[in-house]
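Participant: My questions will all concern the structure given below.
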Amino acid sequence: MSLAQRLQGQATNEGRQNWSSNIKDQQKDERPDKYAELKINVHREVIDLIEDHSRQNELSGEILAQFVRNNIMSTLERDAVFLPFSERQIIANELMDEVLGLGPIEPLLREESITEVMVNGPKRVYVERGGKIYLTDVVFRDDDHVMHIIDKIVSPLGRRVDESSPYVDARLLDGSRVNAIIPPLSLVGPTITIRKFATNPYTVNDLMRFGTLTPNMTKFLEAAVKGRLNIIISGGTGSGKTTLLNVLAGYIPESDRIITVEDAAELRLGQDHVVSLESRAVNIEGKGAVTIRDLVRNCLRMRPDRIVVGEVRGGEALDMLQAMNTGHDGSMTTGHANSPRDMLARLETMVMMAGMELPLKAIRQQVASAIDLIVHGSRLRDGSRVITHITEVIAMEGDVIQLQDIFLFEQTGVDDNGKVMGNHISTGITPKSYERIVAEGVRLDKEIFKPVLR
């Protein structure tokens, strides 16, 4: 595939025609772009120039960007001399985003305060900022314009989206996660959801500043990681599980060999000895898939000291539990759940998905012996994210796994601005794993477990 075809996101002239079709059929009440026809013509001409030029020259990076801008400006000076220079600059910036980026949503992806971009068809684009969702004034021309951007995302990955394969999970070059789904499955038109990859990942100090956890909770979690406890981070969608996993994995000592397994590589660990593995979906022929479970099994042959799995959601839970039970102490993962107890129930279900006909009691024994700590986070109604439970897994009693809460979040109300009020508290229980942590040579003051008098 040529450079121009990759930039265009289409491999044929028919793709170009699809992108620009229906421009004359726009409804007047949908904020039509009065310069749309001009932009289409300039865009097409610049792509052709790139195609011609790239046959003799290798274009990339800053050289490509400068080449594109120069040709856009010269074409606008020829065809739109009637426009003020300031308007030509605005159009040039939009065309730069169209040629080199993801069109109308490229400025949203550059804005650091935005954590998620949601395209619900061509006329409704939402963003998440500060944990809350807002409607933007960004619009696409039509469904074909959204499809063009989807193709730009998936084509370089050897993927496609069409009626035979109407949805796809992908990743941008910066690591941001992308999901796209198109009609007939989506009734509002082509839909894109982008979970942005943080340029500068949050640190534990950031989380304490946000009120996600307290210094005492931080001390305990740091000691738990260094003391080689097996930890699972649970919570709902958007509750900050991956962010917390990245923070906790940062406490793993430099001397340990770490293997990370993810669907889309998001973890950024500062240690030197890290091997990152990423799953792979099926290719255009419907072959070549490599699942999280395949990678978890494989990493057991790679002599890991610690295994960090981005998320367990299926049969890989069994392999993860077995790894935790067979000498890979200090491993970590995340999972979707509404509470620590619910996380255990979901683990049981996921183990059953592995196809092993194990009795329920045997599964629970595996879970109870493998998991030491459940850290549960929630996104509250005001958009803030907090750790609501740090819960220790004790042991089996009869047919039930016994849990005890070490730290909790107590919500006390909501203020006049809709902000949730509450406090993190210690239950006053010293975890049973305290002696094990100390035995690993980790210093941990028991004072952090004493409840604070109020």
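Participant: How about segment 345-454: which strands (runs of 3 or more DSSP E) wholly inside it have at least 2 residues that are charged (D, E, K, R) and under 28 Å from the mean Cα position of the chain (by Cα)?
Facilitator: Values: elements: 373-379, 385-397, 400-414, 420-426.
By residue number, 385-397.
Participant: Given the residues Glu392, Glu447, Glu435, which is the only one that is acidic (Asp, Glu) and either over 18 Å from Ala224 (Cβ atoms) or touching a residue at least 40 places away in the same chain (Cβ under 8 Å) (or both)? Lay out the reasoning, then the answer.
Facilitator: Working: Glu447 fails: either over 18 Å from Ala224 (Cβ atoms) or touching a residue at least 40 places away in the same chain (Cβ under 8 Å) (or both); Glu435 fails: either over 18 Å from Ala224 (Cβ atoms) or touching a residue at least 40 places away in the same chain (Cβ under 8 Å) (or both).
Going through Glu392, Glu447, Glu435 in turn, the sole match is Glu392.
Participant: Right, something else. Pairs only if they're at least six apart or on different chains, beta carbon under 7 angstrom, first in segment 40-67 and among the small types (Gly, Ala, Ser), second at pLDDT below 75 and in a helix (DSSP H, G or I); list them, first residue then second.
Facilitator: Between residues of segment 40-67 that are among the small types (Gly, Ala, Ser) and residues that are at pLDDT below 75 and in a helix (DSSP H, G or I), the close pairs are Ser54/Leu3; Ser54/Ala4.
Participant: I've got another one for you. Search segment 137-170 for residues being surrounded by 18 or more Cβ atoms within 10 Å (Cβ to Cβ) and within 22 Å of Gly238 (Cβ to Cβ), and hand back the single one that is modelled with the highest pLDDT.
Facilitator: Within segment 137-170, the match that is modelled with the highest pLDDT is Val138.
Participant: Inside segment 222-243, can you point out the residues that are at pLDDT 95 or above, assigned to a helix (DSSP H, G or I) and buried (at least 24 other Cβ atoms within 10 Å of the Cβ)?
Facilitator: Within segment 222-243, just Ala224 meets the criteria.
Participant: Might you check whether a residue that is crowded, with 16+ Cβ neighbours inside 10 Å, part of a strand (DSSP E or B) and in the same structural domain as Ala264 (by TED's automatic domain parsing) occurs anywhere in segment 325-332?
Facilitator: Yes: segment 325-332 contains one or more residues that are crowded, with 16+ Cβ neighbours inside 10 Å, part of a strand (DSSP E or B) and in the same structural domain as Ala264 (by TED's automatic domain parsing).
Participant: Which of the residues belonging to segment 136-158 are within 17 Å of Gly286 (Cα to Cα) and under 19 Å from the mean Cα position of the chain (by Cα)?
Facilitator: Val154, Leu157
Participant: Separate question: Out of Glu392, Glu410, report the one residue that is of a type in the set (D, E, K, R), within 26 Å of Leu318 (Cα to Cα) and out of contact with any Ser or Thr (no Cβ under 6 Å at 6 or more places or on another chain).
Facilitator: Working: Glu410 fails: within 26 Å of Leu318 (Cα to Cα).
Only one candidate qualifies: Glu392.
Let's see how each residue does on (1) out of contact with any strand residue (DSSP E or B) (no Cβ under 8 Å at 6 or more places or on another chain); (2) outside any helix (DSSP H, G or I); (3) farther than 25 Å from Leu95 by Cβ:
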position	(1), (2), (3)
Pro107	yes, no, no
Glu112	yes, yes, no
Lys123	yes, yes, no
Val138	no, yes, no
Asp151	yes, no, no
Ala170	no, yes, no
Asp174	yes, yes, no
Ile194	no, yes, no
Tyr202	yes, yes, yes
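Participant: Continuing with this model, one more query. Restricting attention to segment 100-114, which residues are surrounded by fewer than 16 Cβ atoms within 10 Å (Cβ to Cβ) and either β-branched (Val, Ile, Thr) or touching a Ser or Thr at 6+ places or on another chain (Cβ under 8 Å) (or both)?
Facilitator: Glu112
Participant: Go through (1) within 23 Å of the chain's Cα centre (by Cα); (2) within 26 Å of Glu254 (Cα to Cα); (3) not in a loop (DSSP other than H, G, I, E, B) one by one and return the number of the condition Gln322 breaks.
Facilitator: (1)
Participant: Which of the residues belonging to segment 288-305 are touching a residue at least 40 places away in the same chain (Cβ under 8 Å) and either hydrophobic (A, V, I, L, M, F, W, C) or within 11 Å of Thr333 (Cβ to Cβ) (or both)?
Facilitator: Matches in segment 288-305: Cys299, Met302.
Participant: When you go through Val99, Val125, Val117 one by one, which is the residue that is touching a residue at least 60 places away in the same chain (Cβ under 8 Å) and under 24 Å from the mean Cα position of the chain (by Cα)?
Facilitator: On the way: Val99 fails: under 24 Å from the mean Cα position of the chain (by Cα); Val125 fails: touching a residue at least 60 places away in the same chain (Cβ under 8 Å).
That would be Val117, the only listed residue that is touching a residue at least 60 places away in the same chain (Cβ under 8 Å) and under 24 Å from the mean Cα position of the chain (by Cα).
The values are calculated or read from the model by the stated rules, or taken from the named source; none is laboratory data. Computed from a prediction, not measured in an experiment: that's the story for all the values here. Don't worry about glycine lacking a Cβ; one is built from the backbone with ideal geometry, like all the others, and counts go over all protein chains shown.
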